Amino acid sequence: MEKVKVGENISIPCVAVGSPMPYVKWRKGKTTELSPEDKLPVGRNVLNLTNVEVSDNYTCIAASSLGMIEATTFIKVLTLPSPPIDVKVSDVTSTSVKLSWSHPNPDDIQYYTISHKPRSASQSPGVISGVVTMYYTIRPLSPYTQYEFTISAVNGFGHGPPSPPIVATTGETAGLSAFGEGAKPGSAPRNIQVRLLSSSTMVIQWEEPETPNGQVIRYKVYYTVNPDQQLSSWNTMVVDNNQLTTINELTPLSVYTIRVQAFTSVGPGPLSSPVQVKMQQGVPSQPRDLRVNEIGETSIGLQWAKPNQVGEQILSYELYWNDTYAQEKHHRRIPVSENYSLTGLYPNTLYFVWLAAKSQRGEGAPTPPIQVRTKQYVPDAPPQNVTAEAVSPTSILVQWQPPMSDRSNGQIIYYKVMAAESGMSDSEAEPYRVENITTYTLEGLRRWTEYKIWVLAGTSVGDGPSSFPITVRTREDGKHILTKHATVAIIL
């Protein structure tokens, strides 16, 4: 199959070899002859199509006194997909809406994207991409809010136009009071601050959620020295109508993780992000807002803000990380700063990174770990077990296996099969790019000729190293062979 964008041109040669040399002609579909019978070329006929707008089958026919043989290739015209149709709304709740739709050509669609936003708001719409079904439930949405939804289809050519907007209003939350209050909080308490009164007592302070969705009637403070355990196992303290609490009888020198949750009359809202504190007076509190500001193949850029409670002067920061590749934990002491470039990492690897500040009194509480995956890179190993076998006088079957997984440095998305006659230089080799397969048949080669062949793999970044060349000789003679690659070859 050949693919061409709508309105573009394409040329497909058909080559036939034999004794006597055959005539070659082209046919469109089942009946439309494209080559005049009185001017049929011998041995080679190039099909030149201009301003292609319709997909169709094209057949090359070669005939001589020995007989007739033909090969068909399909030319697919790529166009942007039309919008989805029959968009419907169902299963509306206070925080979610289910959409369903259909499409005239679903087999050509790779995925769908959904855009949604409050109809009265000027904000940019939220976009959900990669939907592979023709239904989807959008959540979380705000209660009792009118939303506008559009859906677009995406194929191999690009992103199609959106469907006409459809409007839906989310429901009211159960328990709505006469004053329009009563929804669960839509966001967590903000700006959690922790201060030590002693090595066993701390004061925790916070601000109201940005989206309370009603009157907050109480808060629940969770704290533990083992944040990996279930939340139901954490220690808790309920705080009525206040944004500050004191917790006593804590274990000195231990690191506590703290989270806060707001409640309305309907129920609880989401938990705040974890904050950690070390029960040791004089050490710094945890650095604030640790984040990644740059990601490379073998490095990541980190940025943070200094702790709220410094105690004595910060002497250094202690950086920790582990990776899912080597399964190792690493530690590095870094100078006092608010940014750092961590290098020497593995490509395409998930890392967990955390940071603590250190003073003369000791190391303070670390930040909760953040996750970051390094970018892909080119493979640093070639494909494995490359083999080649002559299957006719003019073709060679090449097979291989992917590079070792720990040296792929990302997802292998293509291979290049390189071939040249043994007497030629490597720079004269013809590259053949293939995707999603580990076998390829080289066609149109010279009879009884020795070829050197090698293969390389590539990620989205580029080519990796080549395999060691192997040599194979085409056969001396053979039977009819017909290929269906970009160049249609026929041998009689």
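The values are calculated or read from the model by the stated rules, or taken from the named source; none is laboratory data. Quick caveat: nothing in here was measured; it's all calculated off a predicted structure. FYI the Cβ positions are ideal-geometry reconstructions off the backbone, even for glycines, and counts take in every protein chain you see.
Please go through the stretch 317-329 and give me each residue that is at pLDDT 95 or above and either basic (Lys, Arg) or crowded, with 19+ Cβ neighbours inside 10 Å (or both), ordered by number.
Result: 317, 319, 321.
Output the number of the condition that residue 47 fails; it satisfies all remaining conditions of (1) in contact (Cβ under 8 Å) with a residue 12 or more places away in the chain; (2) part of a loop (DSSP other than H, G, I, E, B); (3) touching a Phe, Trp or Tyr at 6+ places or on another chain (Cβ under 6 Å).
All conditions pass for residue 47, except number (2).
Yes or no: residue 120 surrounded by 15 or more Cβ atoms within 10 Å (Cβ to Cβ), out of contact with any Gly (no Cβ under 9 Å at 6 or more places or on another chain), of a type in the set (Ser, Thr, Tyr) and not assigned by the TED database to the domain that holds residue 47? Break it down stepwise before answering.
Values: surrounded by 15 or more Cβ atoms within 10 Å (Cβ to Cβ): no; out of contact with any Gly (no Cβ under 9 Å at 6 or more places or on another chain): yes; of a type in the set (Ser, Thr, Tyr): yes; not assigned by the TED database to the domain that holds residue 47: yes.
Answer is no for this residue.
Give the stretch 97-108 a look and list any residue that's surrounded by 14 or more Cβ atoms within 10 Å (Cβ to Cβ) and at pLDDT below 90, or say none. Outline the logic, then answer.
Going through the stretch 97-108, the residues surrounded by 14 or more Cβ atoms within 10 Å (Cβ to Cβ) turn out to be 97-101, 103, 108.
108 - this is the single residue of the stretch 97-108 that is surrounded by 14 or more Cβ atoms within 10 Å (Cβ to Cβ) and at pLDDT below 90.
Within the stretch 266-316, track down each residue that is β-branched (Val, Ile, Thr), crowded, with 18+ Cβ neighbours inside 10 Å and closer than 15 Å to residue 365 by Cα.
Those that are β-branched (Val, Ile, Thr), crowded, with 18+ Cβ neighbours inside 10 Å and closer than 15 Å to residue 365 by Cα: 275, 277, 283, 314.
Would a scan of the stretch 232-253 turn up a residue that is surrounded by 20 or more Cβ atoms within 10 Å (Cβ to Cβ) and either in a loop (DSSP other than H, G, I, E, B) or not hydroxyl-bearing (Ser, Thr, Tyr) (or both)?
Residues of the stretch 232-253 that are surrounded by 20 or more Cβ atoms within 10 Å (Cβ to Cβ), as a first pass: none.
No; the residues of the stretch 232-253 include none that is surrounded by 20 or more Cβ atoms within 10 Å (Cβ to Cβ) and either in a loop (DSSP other than H, G, I, E, B) or not hydroxyl-bearing (Ser, Thr, Tyr) (or both).
So which residues in the stretch 1-21 are surrounded by fewer than 16 Cβ atoms within 10 Å (Cβ to Cβ), in contact with a Leu (Cβ under 7 Å, 6 or more places away or on another chain) and among the hydrophobic types (A, V, I, L, M, F, W, C)?
6
Just the residues that are buried (at least 16 other Cβ atoms within 10 Å of the Cβ) and small (Gly, Ala, Ser), please, taken from the stretch 143-170.
The answer is 152, 153, 160, 163, 168.
Test residue 167 against the criterion of being at pLDDT 90 or above, part of a strand (DSSP E or B) and over 30 Å from residue 102 (Cα atoms), and give yes or no. First the steps, then the outcome.
Details: at pLDDT 90 or above: yes; part of a strand (DSSP E or B): yes; over 30 Å from residue 102 (Cα atoms): no.
Taking the combined requirement at face value, the residue does not satisfy it.
Of all the residues that make up the stretch 1-34, how many are more than 22 Å from residue 77 (Cα to Cα) and either of a type in the set (Lys, Arg) or part of a loop (DSSP other than H, G, I, E, B) (or both)? It would help to see each step written out before you state the result.
Going through the stretch 1-34, the residues more than 22 Å from residue 77 (Cα to Cα) turn out to be 15-25.
Those still in the list that are either of a type in the set (Lys, Arg) or part of a loop (DSSP other than H, G, I, E, B) (or both) too: 18-22, 25.
Total meeting the criteria: 6.
Residue 107 - would you say it is outside any loop (DSSP other than H, G, I, E, B) and at positive phi?
no
Any residue that is surrounded by fewer than 19 Cβ atoms within 10 Å (Cβ to Cβ), farther than 30 Å from residue 286 by Cβ, touching a residue at least 24 places away in the same chain (Cβ under 8 Å) and in contact with a helix residue (DSSP H, G or I) (Cβ under 8 Å, 6 or more places away or on another chain) - is there at least one of those in the stretch 376-384?
Within the stretch 376-384 (the criterion being surrounded by fewer than 19 Cβ atoms within 10 Å (Cβ to Cβ), farther than 30 Å from residue 286 by Cβ, touching a residue at least 24 places away in the same chain (Cβ under 8 Å) and in contact with a helix residue (DSSP H, G or I) (Cβ under 8 Å, 6 or more places away or on another chain)), the answer is yes, since at least one residue qualifies.
Condition check ((1) under 30 Å from residue 477 (Cα atoms); (2) outside any strand (DSSP E or B)) across all residues:
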residue: 68; (1), (2): yes, no
residue: 72; (1), (2): yes, no
residue: 76; (1), (2): no, no
residue: 80; (1), (2): no, yes
residue: 83; (1), (2): no, yes
residue: 87; (1), (2): no, no
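What strands (runs of 3 or more DSSP E) completely inside the stretch 444-492 contain at least 1 residues that are modelled with pLDDT under 50, outside the structural domain of residue 22 (by the TED database) and within 23 Å of residue 1 (Cα to Cα)?
Answer list for the stretch 444-492: 488-491.
Just checking, which of 203, 225 is modelled with pLDDT of 85 or more, under 24 Å from residue 287 (Cβ atoms), in the same structural domain as residue 255 (by the TED database) and surrounded by 14 or more Cβ atoms within 10 Å (Cβ to Cβ)? Show your work before the answer.
Working: 203 fails: surrounded by 14 or more Cβ atoms within 10 Å (Cβ to Cβ).
Matching residue, one of 203, 225: 225.
Restricting to the stretch 254-297, count the residues that are outside any strand (DSSP E or B) and not charged (D, E, K, R).
Initially, the stretch 254-297 is screened for residues outside any strand (DSSP E or B), giving 254, 264-267, 272-274, 279-287, 296-297.
Checking the rest, the ones that are also not charged (D, E, K, R) come to 254, 264-267, 272-274, 279-287, 296.
Number satisfying all stated conditions: 18.
Anything in the stretch 331-348 that is within 19 Å of residue 286 (Cβ to Cβ) and not in a loop (DSSP other than H, G, I, E, B)? List them, or say none.
Result: 331, 332, 333, 334, 339, 340, 342.
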